[in-house]
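Working notes for the structure below.
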Amino acid sequence: MAKYTVITMPGDGIGNQVLPESLRVLKAVGFNAEYIHADIGWDCWCAQGNALPERTIELLTKHKLGLFGAITSKPNKAAQAELKPELQGKGYVYYSPIVTMRQRFNLDICMRPCVGFTGNPLNYIRKRAGDAPGFDEPKIDTTVFRQGTEGMYAGVEWTNPPENVRAALNSHPRFKAFANVPGPELAVSCRIITRNAARRICTAAFEYAKKRGFNGVTICEKPNVVRETSGMMEEVAKEVAKNYAGIALWSTNIDAQLMWLNKNPEEYNVIVASNLFGDILSDAFAGLVGGLGFAASGNIGDEVAVFEPTHGSAPKYAELDPPIVNPIAMILSAAMMLDHVNEGQKAERIRKAIADVVSEGKVRTYDMMRIAGGAKSIGQGAASTMQMTDAILEKLK
């Protein structure tokens, strides 16, 4: 009998290409699991008016562990237009299934490691200081802790707010500037932060810093302007920091932090932020270590955990044969799942195999070669999706 049961949700586009590759690697390291396919994504929306079917929720509720590929998301009008005709005009509203999943299972701790592999031609380099010739390649080992259920992605928003909402907005003195804007011309999104959720994500960041032996955690917000919500995040971070002697708390503003990425990214090992800022930060740091082809993540709650690459469904590449997309982000996400279930030695074997392939430099996908993606990239020497996985499997032997 399998020790674990994993719900596999390839989703849309290239999710169907990269997720199977991660299963090949998990099998190679001897991960004892049964895999159950579950539907999610755009086809479910078009056919059912629900991108996250209840049967998938039931499977995650039962088995607690998921691997997720990618989804296609479109603005509401485009989403409505693609519903099958008999569902149009019936009041169905498209919601991102991964956001819905996070909120349904309170997957509020989102970990996004951004780690550079030596030899990756996409790694960040900088000119050496002064008159010294050449370039430095700083060792980047950053994990962004992104609050996954609140903030700007909480989904509390309106175009043409109803009268009761409009009345509440009008009660705020700063809303006077918008008081005469016609309802159809007004869109409002709420940024929601709760103290308990802020405490959970900050505590997770400090626990991780303690485990890894890092000497600081950075809270990255914008409390000088977004005073209430960012202010609460920073206030809670200071409260949590008191419980971790020897681990400093540093504070940066989101705009300044992005500027400093080009100065000293190696100094930021653990960063914690609210939902939108964490999303921006993790993509920015991923750009320093190879881009979204190397960007893994875990969405972790008290009971359920789902692991996914942070790239999208890339529909323009989804029909290519052979597939050309880089599977490393998906494979690294599977390694994060192994860490979560205390199979850390297997996870380290995977990460070392990836590191060896990248360092050796013989097998590179199109993104690593800095060439355009498309049907011609294989002819230009780029490895296919499966060839990259084959190289990783060879290193695991």
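The values are calculated or read from the model by the stated rules, or taken from the named source; none is laboratory data. What you are looking at is a predicted structure, and each value in this text was computed from that prediction instead of being measured. Neighbour counts run over all protein chains shown; Cβ positions are idealised from the backbone, glycine included.
Quick one: which helices (runs of 4 or more DSSP H) lie wholly within the stretch 1-113 and hold at least 3 residues that are under 19 Å from the mean Cα position of the chain (by Cα) and over 20 Å from GLY312 (Cβ atoms)? Talk me through it step by step, then tell me what you get.
On the way: elements: 15-28, 42-48, 54-63, 76-82, 97-104.
Ranges flagged: none.
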Task: Flag if GLU266 is part of a helix (DSSP H, G or I), of a type outside the set (Val, Ile, Thr) and surrounded by fewer than 19 Cβ atoms within 10 Å (Cβ to Cβ) - done: yes
Open item on the list: Give me the residue from the stretch 65-113 that is touching a strand residue (DSSP E or B) at 6+ places or on another chain (Cβ under 7 Å) and of a type in the set (Lys, Arg) and, out of that set, modelled with the highest pLDDT.
Closed with: ARG112
Open item on the list: For the condition in contact with a Leu (Cβ under 6 Å, 6 or more places away or on another chain) and at pLDDT 95 or above, what is the one hit in GLY13, GLY41, GLY49?
Closed with: GLY49
Open item on the list: Only one of LEU87, LEU52 is touching a helix residue (DSSP H, G or I) at 6+ places or on another chain (Cβ under 9 Å), buried (at least 19 other Cβ atoms within 10 Å of the Cβ) and hydrophobic (A, V, I, L, M, F, W, C). Can you tell me which?
Closed with: LEU52
Task: So ARG199, is it of a type in the set (Lys, Arg), over 25 Å from the mean Cα position of the chain (by Cα) and part of a helix (DSSP H, G or I) - done: no
TODO: Look at ILE219 and say whether it is among the β-branched types (Val, Ile, Thr) and not in a strand (DSSP E or B).
DONE: no
TODO: Could you pull out the residue among SER313, SER297, SER333 that is under 14 Å from the mean Cα position of the chain (by Cα), buried (at least 20 other Cβ atoms within 10 Å of the Cβ), touching a residue at least 24 places away in the same chain (Cβ under 8 Å) and in a loop (DSSP other than H, G, I, E, B)?
DONE: SER313
Task: Set VAL226, VAL144: member being surrounded by 21 or more Cβ atoms within 10 Å (Cβ to Cβ) and under 30 Å from THR100 (Cβ atoms) - done: VAL144
Task: Single residue of GLU21, GLU54 found to be among the acidic types (Asp, Glu) and without any contact (Cβ under 8 Å) to a residue 12 or more places away in the chain - done: GLU54
Open item on the list: So in the stretch 113-141, with the set limited to residues that are small (Gly, Ala, Ser) and in contact (Cβ under 8 Å) with a residue 24 or more places away in the chain, which one is surrounded by the most Cβ atoms within 10 Å (Cβ to Cβ)?
Closed with: GLY116
- [ ] Check whether at least one residue in the stretch 277-293 is surrounded by fewer than 23 Cβ atoms within 10 Å (Cβ to Cβ), touching a His at 6+ places or on another chain (Cβ under 6 Å) and not in a loop (DSSP other than H, G, I, E, B), and report yes or no.
- [x] yes
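Taking the stated definitions as given, is ALA204 at pLDDT 95 or above and under 23 Å from ALA284 (Cα atoms)? Outline the logic, then answer.
Values: at pLDDT 95 or above: yes; under 23 Å from ALA284 (Cα atoms): yes.
For ALA204, the condition - at pLDDT 95 or above and under 23 Å from ALA284 (Cα atoms) - is met.
Could you say whether any residue in the stretch 215-225 is of a type in the set (Gly, Ala, Ser) and either over 12 Å from LEU249 (Cβ atoms) or out of contact with any strand residue (DSSP E or B) (no Cβ under 6 Å at 6 or more places or on another chain) (or both)? Spell out how you get there, then give the answer.
As a first pass, look at the stretch 215-225 and keep what is of a type in the set (Gly, Ala, Ser): 216.
Pick out the ones that are also either over 12 Å from LEU249 (Cβ atoms) or out of contact with any strand residue (DSSP E or B) (no Cβ under 6 Å at 6 or more places or on another chain) (or both) and you get none.
No, there is no match, as no residue in the stretch 215-225 is of a type in the set (Gly, Ala, Ser) and either over 12 Å from LEU249 (Cβ atoms) or out of contact with any strand residue (DSSP E or B) (no Cβ under 6 Å at 6 or more places or on another chain) (or both).
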